[in-house]
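Undergrad: One structure follows; several queries about it will come next.
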Amino acid sequence: MTSSAGLNFQLLRCHRRKRIALQVKNKDIIVKAPYDVPLQYIENLVVLKKQWIENIQSKQQLAIRYQNQLSRHGQVWFFGKLTPLIIKEGKRSLVAVENNQIVVTLSTRKTLSDTTESLRIKKLLEGWFKEQAELILTDKVTCVSRQTNLLPKNLHIRQYKSRWGCCDNRGHIKLNYLLMMLPESVIDYVIIHELCHLKFLNHSVDFWNLVESFLPDYRAEKRWLKEHQHYLTWTTY
Ligand SMILES: [Zn+2]
């Protein structure tokens, strides 16, 4: 460990490396450098990059506070709120909501490593979120379809990596089950957005006017989604 202007960093010298690389992982600062770069040069570089390093560290701290934490005393986004996660042991694995907390019961009696336990919690929560999404999103789409008179041919709920929903030219609508992490008003916005694509398969002015006619305040929901979407994913160790 080397120190420069109050910043401790780990220096890794690599034979094949041609350039210096700086990595920040929470409190750890790692510098990878070729053998022929003098230590003084590297220390000066770290000092020069102090502000940049601190900016990354504060962003990473914020992300830790707002992301799902699938561990004992962790937290999960559910209907737009970071909901406390309680882990218990029991005869049967199950997930339930009790007193505004998500309670995950693990059936094992063996002590698991943090990583294995985190993966088991993730698997149980994924299954439970999918079940909830199937019920709640289907019901919501039916309800919003009736109000807007925009009827999809069919509805599929599944996992997507980078989209909340989509609509194709056959009138099929697909929704991401992770919508269960969003506030209800934002879920409604996503559903209205996809239903409006049944009339306009683009993001034209006519499309947005149609969205606005059903949801005058849609911009606020869109903003919420933009500000939070990088936290709305499963995170394990
Ligand atoms: Zn769209």
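Undergrad: Within segment 25-49, track down each residue that is in contact (Cβ under 8 Å) with a residue 40 or more places away in the chain and surrounded by 15 or more Cβ atoms within 10 Å (Cβ to Cβ).
TA: ILE42, GLU43, VAL46
Undergrad: Restricting to segment 180-217, and then to whatever is part of a loop (DSSP other than H, G, I, E, B), away from the ligand (no atom under 14 Å from the Cβ) and of a type outside the set (A, V, I, L, M, F, W, C), can you tell me which residue is surrounded by the most Cβ atoms within 10 Å (Cβ to Cβ)?
TA: For segment 180-217, the residue satisfying everything is PRO183.
Undergrad: ARG163 fails exactly one of the following numbered conditions: (1) at pLDDT below 95; (2) of a type in the set (D, E, K, R); (3) more than 16 Å from the ligand (Cβ to nearest atom). What is the number of that condition?
TA: Only one criterion in (1) at pLDDT below 95; (2) of a type in the set (D, E, K, R); (3) more than 16 Å from the ligand (Cβ to nearest atom) is unmet by ARG163, namely (3).
Undergrad: Right, next: May I ask you to verify whether THR108 is part of a loop (DSSP other than H, G, I, E, B), away from the ligand (no atom under 16 Å from the Cβ) and not charged (D, E, K, R)?
TA: yes
Undergrad: Next question, about the same structure. Collect the residues in segment 156-177 that are farther than 12 Å from GLU134 by Cβ and either of a type in the set (A, V, I, L, M, F, W, C) or over 22 Å from the mean Cα position of the chain (by Cα) (or both), keeping them in residue-number order.
TA: TRP164, CYS166, CYS167, ASP168, ASN169, ARG170, GLY171, HIS172, ILE173
Undergrad: What are the pairs, 6+ residues apart or on separate chains, where a residue within segment 52-79 that is touching a residue at least 40 places away in the same chain (Cβ under 8 Å) and under 24 Å from ASP114 (Cα atoms) has its Cβ under 6 Å from a residue that is assigned to a helix (DSSP H, G or I) and of a type outside the set (Asp, Glu)?
TA: TYR66/TYR231; GLN67/TYR231; LEU70/SER118; LEU70/ILE121; LEU70/LYS122; SER71/SER118; TRP77/MET181
Undergrad: Kindly list, by first and then second residue, each pair from a residue in segment 1-24 that is touching a residue at least 12 places away in the same chain (Cβ under 8 Å) to a residue that is part of a strand (DSSP E or B) and among the polar types (S, T, N, Q), limited to pairs with Cβ atoms under 7 Å and residues at least 6 apart or on different chains.
TA: Pairs found: PHE9/THR2; LEU11/THR2.
Undergrad: For segment 55-105: of the residues being among the small types (Gly, Ala, Ser) and within 20 Å of the chain's Cα centre (by Cα), which is surrounded by the fewest Cβ atoms within 10 Å (Cβ to Cβ)?
TA: SER58
The values are calculated or read from the model by the stated rules, or taken from the named source; none is laboratory data. A quick note: this is a predicted structure, and the numbers were derived from the prediction, not measured. Every residue, glycine as well, gets a Cβ built from its backbone with ideal geometry; the counts of neighbours run over all protein chains shown.
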